[in-house]
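Laboratory data are not the source of any read-out in this text; all were calculated from the coordinates shown. Not measured: the values here are computed from a predicted model. Cβ atoms come from the backbone with ideal geometry, glycine included; neighbour counts cover every protein chain shown.
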Amino acid sequence: MKIGELARATDTKVETIRYYEGAGLLAPPARTGGNYRSYGTEELLRLSFIRRARDLGFSLDEVRELLALADDRDQPCGAVDAVASSHLVTIERKIADLSQMRDELARVIGGCRLGKVGDCKIIQTLEPMRGATRN
């Protein structure tokens, strides 16, 4: 299949496929007589793996590591678990940070008196240097 067909089959932009090739996540494809990229089932499955991992928030380095591990099916899966567990810790940290941001924003919004912008608690929170000299 051509790159456009692969893109449609995996819901991936053509530019992203080319980027993954350049980043070494996908091997350079075979070329047709007309010099078009030619992809098969193996590339489709690999790109689908990459897409699913990216959808779960894995970084490109983590995806690269997971692909290397997936390419050697006879090894124990402890290394895969370690990558996934580390990623889960990162996600949990981000969730905690987002929860704090949500709570702070809710607090600021709750202090809004719907008066004039000059007295707006939201603006005052966003401008902590209010009254100070700015460069």
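Where Rh is the Kirkwood radius over the Cα pairs of region 54-105, the temperature 20 °C and the viscosity 1.002 mPa s, what D in µm²/s does Stokes-Einstein return?
172
Inverting the mean 1/r over all pairs of different Cα atoms, compute the Kirkwood radius of region 1-56 and quote it in Å.
For region 1-56, inverting the mean 1/r across all distinct Cα pairs yields 11.2 Å.
Please report Rg (one decimal) and Dmax (integer) in Å for the Cα set of region 76-130.
19.3, 64
Mind listing the Cα extents of the chain along all three principal axes, in Å, largest one first?
Computed over the chain, the largest-to-smallest principal extents equal 69, 42, 30 Å.
Could you work out how far apart the two model spin labels at LEU105 and ASP119 are, taking each label as a point 7 Å from the Cα in the direction of the beta carbon, and quote it in nm?
2.6
Search the structure for amide H atoms under 5 Å from the amide H of LEU26, placed 1.01 Å from N in the peptide plane, and list their residues when 5 or more places away or on another chain.
GLU21
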